[in-house]
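The values are calculated or read from the model by the stated rules, or taken from the named source; none is laboratory data. Treat the numbers as computed from the prediction; the structure is a model and nothing was measured. Here the Cβ is made from the backbone with ideal geometry for all residues, glycine too, and neighbour counts use every protein chain on show.
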Amino acid sequence: MDFNLTGIQATPSNGVQHVKVLILGSGPAGLSAALYAARAELSPLVLTGSELGGQVSLTYTVENYPGFPNGVGGTELVELFQKQAERFGAKVEFDTATAVNLSQRPFEITAVNKKYLADTLIISTGATPLHLNIPGEQEFTGRGVSYCATCDGWFFKDKDVFVVGGGDSALEEGIFLTRYARSVSIVHRRKELRAGAILQSRAKSESKIHFMWNTVVTDVLGDEKVHGLRFKNVESGEVVDRPADGLFIFIGHQPNTQLFQNQLDLDERGYIKTGITMETRVPGVFVAGEAGDPHYRQVITSAGMGAAAAMQAIRFLESQDRI
Ligand SMILES: Cc1cc2nc3c(=O)[nH]c(=O)nc-3n(C[C@H](O)[C@H](O)[C@H](O)COP(=O)(O)OP(=O)(O)OC[C@H]3O[C@@H](n4cnc5c(N)ncnc54)[C@H](O)[C@@H]3O)c2cc1C
């Protein structure tokens with residue numbers, strides 16, 4: 001990866017750096033926010049967090065981001081986002097926020113390397129799909145293991161795929177996969193699904209969908225890509241290997257919002273509550289991308305929210321006569 005992590009040049013006093021726009025997260029939302037704030041000449045500062053480029057940098061190819069008719073590598077795409085933002089003066093720093101104080105102005109953000117004061121804060125810390133943590137899962141991510149049917153379903157035309165999970169997401173994504181796959185087997189550790197009744201009856205009436213009850217996946221098998229899965233029946237203890245082309249894991253998403261728990265309104269799953277203007281309950285603090293979005297979870301939607309959050313931050317600063 002050819003990320004150019006530029007150290008910020010402004011002179012900090014007492015190791016504290018004051019910026020007009022601080023952006024937490026270097027995924028599509030954060031880097032798009034940085035582009036818009038930079039073009040407004042606000043010299044935004046992006047803290048990357050530990051996952052440079054965000055979730056999309058984990059994927060081999062992105063085929064649903066407009067402007068790339070032949071697809072684009074996930075890492076390459078966010079690298080382009082970063083270069084474009086930097087061209088207009090955004091700075092990207094390898095640092096992770098560990099505490100925030102949103103009750104004072106400017107806001108105070110403590111990070112691993114230093115403290116920051118920010119007139120506006122854009123939270124684009126994303127979310128993390130929950131993993132099974134089984135052998136082969138990480139190795140084959142992007143090569144048969146996926147956490148996103150909208151993103152990767154197309155690669156499984158006429159293939160046999162397995163979906164792990166028993167909630168709404170698992171069934172919604174499983175039904176979506178029937179557009180492409182020859183068969184979709186839903187693997188659930190219990191005998192009953194958690195998903196809503198309508199989704200359950202839709203899934204059960206879909207001829208391509210099969211259910212494997214009381215079953216867990218214990219291993220992903222393959223060489224260059226996934227060729228099979230190992231299953232264990234949790235009641236009988238029986239272990240079987242079956243051929244498989246893909247494994248889709250939908251056991252939940254964890255928004256990276258723990259830092260804001262007592263300072264912003266979060267929903268019951270931990271997503272920061274917001275609306276179309278990306279505002280939070282604290283004026284001057286905005287959220288963009290998956291940290292506030294349990295619905296769409298795409299590069300393009302996250303990038304769009306990043307742009308909107310930056311535009312609102314610009315308006316906020318204008319209203320305060322700070323630009
Ligand atoms: C394997 C995989 C494949 C995918 N494929 C596609 C695809 O083909 N097409 C598509 O549209 N979508 C795809 N997605 C979904 C897409 O990647 C996400 O919707 C998108 O990345 C969300 O962007 P975001 O900026 O909101 O958050 P993220 O991408 O999650 O980025 C969050 C950022 O916040 C940073 N961060 C977290 N905590 C802190 C902190 N305390 N301080 C500072 N920074 C912090 C992280 O380091 C990271 O940089 C895929 C997702 C996965 C997992």
Residues located in segment 69-87, provided they are touching a strand residue (DSSP E or B) at 6+ places or on another chain (Cβ under 9 Å) and not charged (D, E, K, R): GLY71, VAL72, GLY73, GLY74, LEU77, LEU80, GLN82, ALA85
Restricting segment 172-190 to residues that are modelled with pLDDT of 95 or more and among the charged types (D, E, K, R), which is surrounded by the most Cβ atoms within 10 Å (Cβ to Cβ)? ARG189
Residue that is surrounded by the most Cβ atoms within 10 Å (Cβ to Cβ), among those in segment 203-227 that are touching a helix residue (DSSP H, G or I) at 6+ places or on another chain (Cβ under 8 Å) and not in a strand (DSSP E or B): ALA203
Of all residues being charged (D, E, K, R) and surrounded by fewer than 18 Cβ atoms within 10 Å (Cβ to Cβ) in segment 269-323, which is farthest from the ligand (Cβ to nearest atom)? Just the residue, please. ASP321
If I filter segment 106-148 down to residues being outside any loop (DSSP other than H, G, I, E, B) and touching a Lys or Arg at 6+ places or on another chain (Cβ under 8 Å), which single residue comes out as farthest from the ligand (Cβ to nearest atom)? ASP119
Do the conditions hold for GLU79, that is, is it outside any loop (DSSP other than H, G, I, E, B), without any contact (Cβ under 8 Å) to a residue 40 or more places away in the chain and of a type in the set (Asp, Glu)? no
Return the residues of segment 247-268 that are more than 12 Å from the ligand (Cβ to nearest atom) and either touching a helix residue (DSSP H, G or I) at 6+ places or on another chain (Cβ under 6 Å) or in a loop (DSSP other than H, G, I, E, B) (or both); say none if nothing qualifies. ILE251, GLY252, GLN261, ASN262, GLN263, LEU264, ASP265, ASP267, GLU268
Considering (1) closer than 29 Å to CYS151 by Cβ; (2) of a type outside the set (Val, Ile, Thr); (3) touching an Asp or Glu at 6+ places or on another chain (Cβ under 6 Å), say which one GLY30 fails and leave the rest. (3)
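Yes or no, residue by residue, for (1) more than 21 Å from the chain's Cα centre (by Cα); (2) more than 26 Å from TRP154 (Cα to Cα):
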residue	(1), (2)
GLN17	yes, yes
ILE23	no, yes
SER32	no, yes
GLU76	no, no
GLU93	no, yes
Scope segment 164-194; condition under 19 Å from TYR296 (Cβ atoms) and of a type outside the set (Asp, Glu); matching residues: GLY165, GLY167, SER169, ALA170, LEU171, GLY174, ILE175, PHE176, LEU177, ARG179
Taking segment 40-61 and the residues there that are modelled with pLDDT under 95 and among the β-branched types (Val, Ile, Thr), the one that is surrounded by the most Cβ atoms within 10 Å (Cβ to Cβ) would be VAL56
